[in-house]
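All remarks here apply to the structure that follows.
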Amino acid sequence: MMDELLNDFVSETRDNLEALTSHLLDWEKNPSDSQSVDSIFRFVHTVKGSCGFLELPRLLELSHAAEDVMSEAREGKILPTSALVSTVLDVVDQIGLLAESIENKIDVANNDNALVDAMYDELKKARITNKTDKDSIALDIDNIKEDGNASNSEIVGNDNQTYNDINSNRTIRVSLKVLDNLMSGVSDLVLARNEVSRKLRDVLDTGEVDSAFGRLSTSVAEMRDAVGLMRMQNIDRLFSSLPRLLRDINKELNKNIELHIDGSEVEIDREMVEALRDPLTHIIRNAADHGIESTEDRLAAGKSATGNIQINARQSGNQILIEIIDDGAGIDINKLRQKVIASKLMSAAKWEGLSEKAKLDMIFAPGLSTADTITSISGRGVGMDVVRNNINRISGSIDVENFEGEGLKITLSLPLTLSIIAGLSIRCGNQMFAISRSAVQELVLHTNKNVIIEEIGGTQVACIRGERLAYIKLSDLVAMDETDDNLNNDVIHNSRTLVVIKPAIGKNYVMDVDAVLDNEELVVKPGAPLLMASGLYAGTSLPDNGMPLLLLDANAIANRIGVVNEEEYQDNDNENEANAIKRKSALLFETLDGTQKAIRLAVLDRLEEVEAHKIGDSGGIKRVKVQDSLYEIFGLEDVPENGMVRMLRLSDGEQLKFLVVKEVLDIFKLDDNIAPSRHPERVEGVLSIFDKQVELLNPYQFFEHGAAVQISHEHKPLCYIRSGENDEWGNKMLLPLLNAAGYRVSTDEKDAENADVILAMDADDVKSEEVPNNQVNLRQNMAANENIPNSIYRYDRLSLLAAIESKISKG
Amino acid sequence: MEGLFLVAKIAGERVAIPSNEVESVVRVRNYVPVPGVSPVISGLFALRSRVLTLIDTQYHISGKSGSIENGAFCVVTEIDGHPYGLIVDTVEDVVTVNEDALDNIGFANGKWRSLCKGMITHDNKLLLLLNTYALIDIKNIAA
């Protein structure tokens with residue numbers, strides 16, 4: 001009974017503390033904020049009440065002292081100084097630590113008295129400062145008192161409010177064990193359903209049973225989804241500790257940095273919250289310490305005195321993106337170069353050969369810190385390499401964009417949940433394996449002409465499109481007899497696939513498997529220690545067929561075959577090589593009507609699968625919604641009702657377009673043997689691939705249309721419509737047209753001076769008046785009007801746009 | 001206080017497994033072999049939504065990995081949060097043993113020594129008291 005009460009007390013205190021942090025900071029910023037004061041008072045009061053009952057003397061003493069201070073603050077006897085707030089924070093921290101120690105049984109050093117004394121000292125000072133200005137403040141105090149009273153009654157109101165809120169969104173505390181039991185129960189249910197479904201198929205006449213089973217099946221699926229949601233938690237839990245973190249940093253570094261958080265409503269797996277805490281803390285410390293300059297430097301650079309760190313979280317497809325953007329100095333590439341060379345990570349010559357991105361990636365190299373001085377905030381020997389490893393460990397990735405002198409943007413891409421991964425199932429002999437799809441870079445058929453397996457010094461090396469990679473047969477790796485199944489050797493040979501794997505650290509390598517079978521969503525179960533000790537497996541999974549599946553660990557295998565031990569950052573060279581290859585290669589794919597076509601790899605971003613309902617056909621153009629924008633798609637006759645549509649994402653560096661494909665077949669090197677085509681604007685030429693004639697598409701055709709309508713400008717030019725009496729046409733017809741063409745439009749006379757172009761609709765006799773250089777005159781009738789020379793008929797869209805463009809380019 | 005034990009046979013010897021360590025006894029069907037790991041692991045077996053790691057107990061004694069026949073007995077136990085299936089020759093009975101009979105009579109010799117906590121008597125016959133943790137302890141298993 002007592003234990004139960006204690007546990008409740010600990011978790012309640014923990015929850016309250018989390019909610020309290022922001023109030024403490026609000027209070028410091030705005031000492032007369034009675035709401036914050038009340039929240040803090042209530043917290044220490046609650047703790048005091050509970051621990052008197054639970055016989056926790058240290059907690060009682062601390063909370064009692066804090067309550068004293070807060071009640072004086074509440075009554076308006078003191079105006080809190082920053083030092084006082086700090087001491088109160090320390091006491092609250094100690095309360096948190098002690099509460100945790102009840103649960104984890106780790107003793108907390110007893111410096112309670114010192115903390116309490118410090119707090120009382122500050123309390124006295126706060127009182128004295130108030131008294132020195134007695135006369136003028138007396139009034140204030142009265143006011144505050146009144147405020148206090150007023151807010152007291154308000155609190156009652158607030159309490160009712162919260163009570164109502166609670167009623168509308170009620171929660172209860174459930175132990176994790178119960179949740180886990182429920183989850184595994186539901187998994188059992190799903191497996192049992194699948195078995196029943198298999199058995200049903202064997203029985204011939206199942207009419208009525210079928211429909212009943214269908215209902216059962218749907219509700220089981222719904223239940224699985226609901227249970228999945230229970231694991232999710234608001235990302236706010238992760239963010240709630242950050243304001244406090246930044247406050248402490250500000251204090252310590254004597255900087256002034258503001259934190260802005262957006263997207264607190266995103267839900268993520270509860271285990272992910274814990275896994276992200278350290279990396280995120282580290283990134284923010286780095287940003288505050290190394291990124292954001294001192295106030296003087298900021299002012300000298302023409303920036304606001306206050307530094308800013310912006311955190312955005314959002315869900316994109318089955319990923320969570322967290323961006324951390326600071327407006328500091330960014331990464332000084334020259335300084336980075338010196339550090340890299342000084343730490344002997346690579347030679348100066350090698351550095352020069354790196355791409356910009358590869359240079360930037362060096363911040364993730366182990367043993368590198370770009371800070372000149374070691375401060376207590378960062379530079380504790382834990383670098384960005386650890387951050388990246390931590391993120392990789394939860395199957396996420398980290399990306400850096402550097403704006404030298406202006407700031408740094410770090411993007412973390414994370415899977416929605418830790419326990420479900422997108423996997424590829426692989427067959428080797430009679431054995432099934434799976435591997436995480438995020439580790440797989442490419443699949444190449446053994447029969448592909450661009451693949452050569454070379455044998456040298458008793459080992460084998462794969463050569464794919466001229467790039468040499470470490471090669472391992474899965475059957476050798478797991479010491480299996482692959483000739484288990486030699487009945488059908490030909491079939492096996494034809495489906496043999498090379499899986500190009502990109503481990504988190506080290507070089508890519510190739511794994512040779514009998515066949516790659518399918519994409520599957522897999523629930524990862526941790527493997528027994530004996531299983532993990534092999535250095536091959538990341539765990540197990542139980543797919544719907546009920547036969548356990550082994551998950552291969554791409555990183556551990558990399559370790560085992562030794563691609564990690566070689567000089568780690570060599571792969572940046574490979575990246576350059578890969579880019580060189582990319583320029584001269586093309587992708588072979590099958591269109592929806594079944595013909596094979598090719599397109600140059602250079603314009604290709606990646607392959608995406610999109611749900612059919614995200615595709616729309618309107619305005620004569622088929623578009624797909626990706627994240628929040630619409631993009632034009634090609635190669636699709638009819639929009640399918642449901643299912644997934646596979647498409648290639650094409651980019652000309654600015655615009656994105658999508659090309660629908662049925663299947664991606666291969667990547668091959670382009671040589672000079674390209675036969676000419678009759679329509680070079682659509683088909684660049686004809687290739688012979690595996691004795692088949694294949695058209696090489698000209699990517700130009702996909703981008704030319706978009707450009708005609710949407711004129712790209714660095715900043716959108718402003719058009720002012722001077723409509724006179726005829727303003728309806730301007731608003732109804734002209735404004736949408738101009739908007740669609742990518743201009744800003746105004747009908748406000750004040751904008752006339754700033755406008756890049758003036759569209760005059762009221763010009764009926766401009767011979768006499770002086771026409772500004774940037775004015776375009778419109779006329780209402782098709783026939784030319786001699787009173788308005790050089791005017792344009794208002795429904796002649798192309799001439800109108802051309803005239804606007806020419807004015808802008810002249811201006 | 002009395003102790004409840006499951007009596008099973010491993011490599012021909014009668015062993016006792018404390019009943020609080022035993023979740024259930026099931027027959028193995030359609031297990032999946034695991035290549036490339038210690039031969040102590042004879043495979044994976046799905047028991048409802050859980051994946052059991054099957055332990056070839058007799059390998060500990062004989063040093064030879066035996067094949068699992070369809071329908072072989074396995075004792076389901078959970079150690080450190082991971083579910084295991086200990087493959088045994090047969091399962092005989094669940095018996096009650098008085099605590100005084102738990103006294104260490106002596107230690108087994110050879111391979112058994114590391115796998116037993118001692119001996120107990122039941123019905124005037126000796127049983128080896130199995131240390132289930134030793135069966136899956138990495139330190140105990142030469143790769």
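The values are calculated or read from the model by the stated rules, or taken from the named source; none is laboratory data. Just so it is clear, the structure is predicted and the values come from calculations on it, not from any experiment. Don't worry about glycine lacking a Cβ; one is built from the backbone with ideal geometry, like all the others, and counts go over all protein chains shown.
Key figures
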item	result
Cross-chain or 6+ apart pairs with Cβ under 8 Å, segment A:468-479 first and without any contact (Cβ under 8 Å) to a residue 60 or more places away in the chain, then surrounded by fewer than 17 Cβ atoms within 10 Å (Cβ to Cβ) and among the aliphatic types (A, V, I, L, M)	A:Arg468/A:Val461; A:Leu469/A:Val461; A:Tyr471/A:Ile453; A:Tyr471/A:Val461
Residue satisfying condition, being buried (at least 21 other Cβ atoms within 10 Å of the Cβ) and touching a residue at least 24 places away in the same chain (Cβ under 8 Å), within set A:Ala301, A:Ala313, A:Ala305	A:Ala313
Conditions (1) within 13 Å of B:Ser49 (Cα to Cα); (2) touching a residue at least 12 places away in the same chain (Cβ under 8 Å): number failed by A:Asp180	(2)
Qualifying residues in segment B:56-82 (those that are facing chain A (nearest Cβ under 9 Å) and of a type outside the set (D, E, K, R)) - the one surrounded by the most Cβ atoms within 10 Å (Cβ to Cβ)	B:His82
Condition met for A:Thr46 (in a helix (DSSP H, G or I), touching a residue at least 24 places away in the same chain (Cβ under 8 Å) and within 23 Å of A:Asp248 (Cβ to Cβ))	no
Subset of segment A:449-466 (residues that are exposed (fewer than 15 other Cβ atoms within 10 Å of the Cβ) and not basic (Lys, Arg))	A:Ile452, A:Glu454, A:Glu455, A:Ile456, A:Gly457, A:Gly458, A:Thr459, A:Gly466
So B:Thr53, is it within 11 Å of B:Gly85 (Cα to Cα), of a type in the set (Ser, Thr, Tyr), in contact (Cβ under 8 Å) with a residue 24 or more places away in the chain and at the interface with another protein chain (Cβ under 9 Å from one of its Cβ atoms)	yes
Complete set of residues in segment A:606-649 that are in a strand (DSSP E or B) and loosely packed, with under 13 Cβ neighbours inside 10 Å	A:Arg606, A:Glu609, A:Asp617, A:Ser618, A:Ser629, A:Met644
Selection status of A:Val44, closer than 26 Å to A:Arg127 by Cα and within 42 Å of the chain's Cα centre (by Cα)	yes
Residue within segment A:516-528 that is basic (Lys, Arg) and either more than 11 Å from chain B (Cβ to nearest Cβ) or in a loop (DSSP other than H, G, I, E, B) (or both) present	no
B:Asn104 vs. criteria modelled with pLDDT under 90, loosely packed, with under 13 Cβ neighbours inside 10 Å and within 14 Å of another protein chain (Cβ to nearest Cβ)	no
Helices (runs of 4 or more DSSP H) fully within segment A:290-368 counting 3 or more residues that are within 22 Å of the chain's Cα centre (by Cα)	A:356-361
Strands (runs of 3 or more DSSP E) fully within segment A:417-483 counting 1 or more residues that are closer than 27 Å to A:Gln319 by Cα and more than 14 Å from chain B (Cβ to nearest Cβ)	A:420-428, A:431-436, A:440-445
When residues of segment A:390-399 are limited to those that are surrounded by fewer than 18 Cβ atoms within 10 Å (Cβ to Cβ) and in contact with a Ser or Thr (Cβ under 9 Å, 6 or more places away or on another chain), the one farthest from A:Ala287 (Cα to Cα)	A:Ser397
Test set (1) assigned to a loop (DSSP other than H, G, I, E, B); (2) among the aliphatic types (A, V, I, L, M); (3) within 22 Å of A:Leu191 (Cβ to Cβ) - B:Ala46 fails condition number	(1)
Residues (surrounded by 13 or more Cβ atoms within 10 Å (Cβ to Cβ) and modelled with pLDDT of 65 or more) located in segment A:700-711	A:Tyr700, A:Gln701, A:Phe702, A:Phe703
Which listed residue, of A:Glu786, A:Glu714, is over 39 Å from the mean Cα position of the chain (by Cα) and at pLDDT below 75	A:Glu786
Neighbours by Cβ (under 9 Å, 6+ apart or cross-chain): first from segment B:70-96, part of a loop (DSSP other than H, G, I, E, B); second of a type in the set (D, E, K, R)	B:Asn70/B:Arg27; B:Asn70/B:Arg29; B:Gly71/B:Arg27; B:Gly71/B:Arg29; B:Asp89/B:Lys9
Subset of segment B:1-41 (residues that are within 14 Å of chain A (Cβ to nearest Cβ), in a strand (DSSP E or B) and within 13 Å of the chain's Cα centre (by Cα))	B:Ile41
Test: residue in segment A:227-239 that is over 17 Å from A:Glu18 (Cβ atoms), touching a helix residue (DSSP H, G or I) at 6+ places or on another chain (Cβ under 9 Å) and exposed (fewer than 15 other Cβ atoms within 10 Å of the Cβ)	yes
Residues being β-branched (Val, Ile, Thr) and part of a helix (DSSP H, G or I) - total across segment A:58-82	1
Segment A:166-199, residues that are at pLDDT below 80, over 30 Å from A:Asp8 (Cβ atoms) and among the hydrophobic types (A, V, I, L, M, F, W, C)	A:Leu191
Any hit, segment A:212-220, residues being modelled with pLDDT of 80 or more and outside any helix (DSSP H, G or I)	no
Test result for A:Gly466, at positive phi, out of contact with any helix residue (DSSP H, G or I) (no Cβ under 9 Å at 6 or more places or on another chain) and at pLDDT below 85	no
Hey, A:Gly157 at pLDDT 80 or above, surrounded by fewer than 13 Cβ atoms within 10 Å (Cβ to Cβ) and more than 14 Å from chain B (Cβ to nearest Cβ) or not	no
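Yes/no per residue for (1) more than 10 Å from chain B (Cβ to nearest Cβ); (2) in a strand (DSSP E or B); (3) modelled with pLDDT under 80; (4) buried (at least 20 other Cβ atoms within 10 Å of the Cβ):
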{"residue": "A:Ala538", "(1), (2), (3), (4)": "yes, yes, no, yes"}
{"residue": "A:Ala558", "(1), (2), (3), (4)": "yes, no, no, yes"}
{"residue": "A:Val563", "(1), (2), (3), (4)": "yes, no, yes, yes"}
{"residue": "A:Ala580", "(1), (2), (3), (4)": "yes, no, yes, no"}
